[in-house]
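For reference, the structure is listed below as structure tokens.
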Amino acid sequence: MPHDVIAPGTVWLVGAGPGDPDLLTRKAERLIAAADIVFYDALVGPGVLALIPDRAERVGVGKRSGRHSKDQGTIDRLIVAAALAGKRVVRLKGGDPAVFGRATEEIHACAAQGIPVHVCPGITAASAAAASGTLSLTLRGLARTLTLVTAHARGAEPLDLDWQALARPDATLAVYMGRAAAGEVSGQLIRAGLAADTPVVVAVNVSLPDERLIHGRLDALAFLVRAIGERDPALLLIGAAMGQRPPAYDRSAGAAALQKIA
Ligand code: SAH
């Protein structure tokens, strides 16, 4: 494993994927192995954190046990300071850094100090959730567009989203940070014309040992999310393509067939 994959004094924003270390890119793994210091979010899986070498410093900057995360300005300053001190800096972000990852703030903070900064992509939650459900996010005829949207509610304020645009029957909607606002999301989409029986999947802890995919319909969304723990990451997938579950098949018969081939 070459140690020089990161030049001293540079920053890599690295996509950590949905949690399972097997869903990291090979490049992400090499970067983690070469880091002097790793800043990571709360959503980065324990199996990924286990890949950080013992000699590297690790700094958690995400929400933990109800305590507030460091604010973005503080995170920017910590990353910049580490790079200016000549360290090889890895900033691990859940999923893909470019999807609801505040990547631009950190990139600009580094660039403003003349620090070289690079991005290594990761598997975003929507891709991983679709894979776990053996579903396709786009589907000929049924889902021509895929929209990634965040429904992070600020206190009691209503969500500032264009519901008419989102309520397309031929689309898949992936709602990040949408657990708390699930009732509002389903109510608004139905009011904007999306069918109440549109299939939904609530994907919880995707790719982790306690993964759960809860299938249902749009008008039951608020009910479906009730079973989810406060701290478990959950993604809402909404749209006709989410109803295309594969027909049940006998896994043991499949395994027997494979054995025969071998
Ligand atoms: N950059 C991340 C998204 C960060 S926003 C990505 O590309 O996936 C955080 C939200 O992502 C969570 O609230 C949840 O909606 C979703 N998410 C991230 N990891 C997840 C996982 N393992 N299972 C389900 N949802 C996940």
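The values are calculated or read from the model by the stated rules, or taken from the named source; none is laboratory data. Since this is a predicted model, take the numbers as computed values, not measurements. Note: ideal-geometry Cβ built from the backbone for every residue, glycine included; neighbour counts use all protein chains shown. To get the accessible areas, we keep the full protein, side chains included, count just its heavy atoms, and leave off ligands, DNA and RNA. Shrake-Rupley method; radii C 1.70, N 1.55, O 1.52, S 1.80 Å.
Count of region 149-167 residues, restricted to those that are within 15 Å of the ligand (Cβ to nearest atom), open to solvent by less than 30 Å² (accessible area, probe 1.4 Å) and of a type in the set (Gly, Ala, Ser), is 1.
Conditions (1) surrounded by fewer than 22 Cβ atoms within 10 Å (Cβ to Cβ); (2) under 20 Å from Asp20 (Cβ atoms), marked per residue:
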{"residue": "Arg77", "(1), (2)": "yes, no"}
{"residue": "Cys110", "(1), (2)": "no, no"}
{"residue": "Gln113", "(1), (2)": "yes, no"}
{"residue": "Thr124", "(1), (2)": "no, yes"}
{"residue": "Thr138", "(1), (2)": "yes, no"}
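When restricted to residues that are over 23 Å from Ala130 (Cα atoms) and of a type in the set (Gly, Ala, Ser), region 146-167 contains 3.
Of everything in region 121-148 that's of a type in the set (S, T, N, Q) and touching a residue at least 12 places away in the same chain (Cβ under 8 Å), which residue is nearest to the ligand (Cβ to nearest atom)? Residue satisfying both the conditions and the ranking: Thr124. Restricting the first member to region 171-185 and to residues that are over 15 Å from Ser127 (Cβ atoms), and the second to residues that are within 12 Å of the ligand (Cβ to nearest atom) and of a type in the set (Asp, Glu), the beta-carbon pairs closer than 9 Å and six or more apart or on different chains are Arg179/Glu230; Arg179/Asp232.
Look through Gly73, Gly62, Gly15, Gly45 and report the one residue that is at pLDDT below 95, assigned by TED's automatic domain parsing to the domain that holds Arg102 and surrounded by 19 or more Cβ atoms within 10 Å (Cβ to Cβ). Break it down stepwise before answering.
Details: Gly73 fails: surrounded by 19 or more Cβ atoms within 10 Å (Cβ to Cβ); Gly62 fails: surrounded by 19 or more Cβ atoms within 10 Å (Cβ to Cβ); Gly15 fails: at pLDDT below 95.
Just one listed residue meets the conditions, Gly45.
Taking the options Gly183, Gly193, Gly187, name whichever one is open to solvent by less than 30 Å² (accessible area, probe 1.4 Å) and either small (Gly, Ala, Ser) or out of contact with any strand residue (DSSP E or B) (no Cβ under 6 Å at 6 or more places or on another chain) (or both).
Working: Gly183 fails: open to solvent by less than 30 Å² (accessible area, probe 1.4 Å); Gly193 fails: open to solvent by less than 30 Å² (accessible area, probe 1.4 Å).
Testing whether each residue is open to solvent by less than 30 Å² (accessible area, probe 1.4 Å) and either small (Gly, Ala, Ser) or out of contact with any strand residue (DSSP E or B) (no Cβ under 6 Å at 6 or more places or on another chain) (or both) leaves just Gly187.
Hey, can you tell me all the residues within region 186-211 that are within 16 Å of the ligand (Cβ to nearest atom) and in contact (Cβ under 8 Å) with a residue 12 or more places away in the chain? Of everything in region 186-211, those that are within 16 Å of the ligand (Cβ to nearest atom) and in contact (Cβ under 8 Å) with a residue 12 or more places away in the chain turn out to be Ser186, Val200, Val201, Val202, Ala203, Val204, Asn205, Val206, Ser207, Leu208, Asp210, Glu211. If you go through region 18-42 and keep only what is open to solvent by less than 10 Å² (accessible area, probe 1.4 Å), out of contact with any strand residue (DSSP E or B) (no Cβ under 6 Å at 6 or more places or on another chain) and not in a helix (DSSP H, G or I), you end up with just Gly19.
If you go through region 97-108 and keep only what is within 13 Å of the ligand (Cβ to nearest atom) and open to solvent by 20 Å² or more (accessible area, probe 1.4 Å), you end up with Ala98, Val99, Phe100, Arg102, Thr104.
Within this structure, Ala174 fails the test of being under 14 Å from the mean Cα position of the chain (by Cα), modelled with pLDDT under 95, open to solvent by less than 30 Å² (accessible area, probe 1.4 Å) and not aromatic (Phe, Trp, Tyr).
For region 227-262, give me each residue that is assigned to a helix (DSSP H, G or I), within 16 Å of the ligand (Cβ to nearest atom) and modelled with pLDDT of 95 or more. Of everything in region 227-262, just one residue is assigned to a helix (DSSP H, G or I), within 16 Å of the ligand (Cβ to nearest atom) and modelled with pLDDT of 95 or more, namely Met242. Check region 82-96 and report whether any residue there is without any contact (Cβ under 8 Å) to a residue 24 or more places away in the chain, surrounded by fewer than 18 Cβ atoms within 10 Å (Cβ to Cβ), part of a helix (DSSP H, G or I) and not basic (Lys, Arg). Checked against the condition, which is being without any contact (Cβ under 8 Å) to a residue 24 or more places away in the chain, surrounded by fewer than 18 Cβ atoms within 10 Å (Cβ to Cβ), part of a helix (DSSP H, G or I) and not basic (Lys, Arg), region 82-96 yields no hits at all.
Being touching a strand residue (DSSP E or B) at 6+ places or on another chain (Cβ under 9 Å) and either within 16 Å of the ligand (Cβ to nearest atom) or acidic (Asp, Glu) (or both) is the requirement here; does Val48 meet it?
Details: touching a strand residue (DSSP E or B) at 6+ places or on another chain (Cβ under 9 Å): yes; either within 16 Å of the ligand (Cβ to nearest atom) or acidic (Asp, Glu) (or both): yes.
The answer is yes for Val48.
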